[in-house]
Amino acid sequence: MYWFRIGKLEVTTTVFVALAAGVGSIVALFAASLTLFGAMFSSAVMRGEVWRLITWPFVEPFGIWAVLTIFFFWYFGNAVEDQLGKQRMASFLVGLWVIVSLAYLAADLLLPGSTPLAGLGLIELLLILIFIAEAPNRMFFFHIPAWVFGAIILALQLLPMIAAANLSALAGLLLSPV
């Protein structure tokens with residue numbers, strides 16, 4: 001099921017978000033200030049720059065990690081959307097977006113240190129973990145059980161936060177629906 005077509009491309013909820021993130025990433029490549037203008041900083045939101053609650057997933061600077069993030073979002077997002085349908089997937093992604101935004105805003109206000117949000121990475125991580133939770137024993141890349149893969153990618157997110165003692169980012173991630 002798709003919302004509309006662009007030529008032969010069937011635009012589902014996942015494809016729409018991936019395309020928007022890709023366009024935002026390419027635009028940020030040519031206008032680096034766009035990343036700072038759209039990233040979510042709690043201090044900026046508290047000054048009334050509320051658009052940052054909406055724009056942060058789409059302002060990751062273009063690079064290999066942005067491309068990989070968008071690819072994995074698309075890959076796992078399509079699998080989840082096939083199960084949920086386009087309308088429920090749209091509601092699901094908006095819910096994740098709101099919860100992550102509020103979790104990071106609350107964590108940044110309550111704990112010292114600024115934790116800006118920029119890019120689709122955190123939503124992609126949550127989407128992968130939710131995909132894994134559906135069938136934790138399915139085999140992933142190189143015949144690794146999905147739950148092991150999920151534990152590794154979650155550890156790769158948590159360990160740098162712990163090493164840098166970034167309590168605000170750690171609390172934001174833990175308050176998100178992980």
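Per residue, how many Å² of accessible area does the chain show with a 1.4 Å probe?
Dividing the accessible area of the chain by its residue count gives 55 Å².
What whole-number volume per residue, in cubic angstrom, does the convex hull of the C-alpha atoms of region 78-164 give?
110 Å³
In square nanometres and to one decimal, what's the mean projected area of the convex hull around the Cα atoms of the chain?
The directionally averaged projection comes out at 11.0 nm².
State the percentage of accessible surface on the chain attributable to carbon and sulfur atoms; use a 1.4 Å probe and exclude ligands, DNA and RNA.
In the chain, the share of accessible area belonging to carbon and sulfur is 74 percent.
Not counting the cut sites, what is the longest span of the chain without trypsin sites (Lys or Arg not before Pro) that DSSP labels loop and that have at most 11 other Cβ atoms within 10 Å?
By the stated rule (loop sites, at most 11 other Cβ atoms within 10 Å), 48-178.
Based on DSSP H assignment, which helices of the chain show an axial Cα extent of at least 24 Å together with a mean Kyte-Doolittle hydropathy greater than or equal to 1.6?
Helices passing the filter in the chain: 13-30, 146-163.
On the principal axes of its Cα set, how long, how wide and how thick is region 60-109? Give whole Å, largest value first.
37, 29, 11
The values are calculated or read from the model by the stated rules, or taken from the named source; none is laboratory data. For clarity, every value in this text was computed on a predicted model and none was experimentally measured. Cβ atoms come from the backbone with ideal geometry, glycine included; neighbour counts cover every protein chain shown. For accessibility, only protein heavy atoms count, side chains too; no ligands or nucleic acids. Shrake-Rupley method; radii C 1.70, N 1.55, O 1.52, S 1.80 Å.
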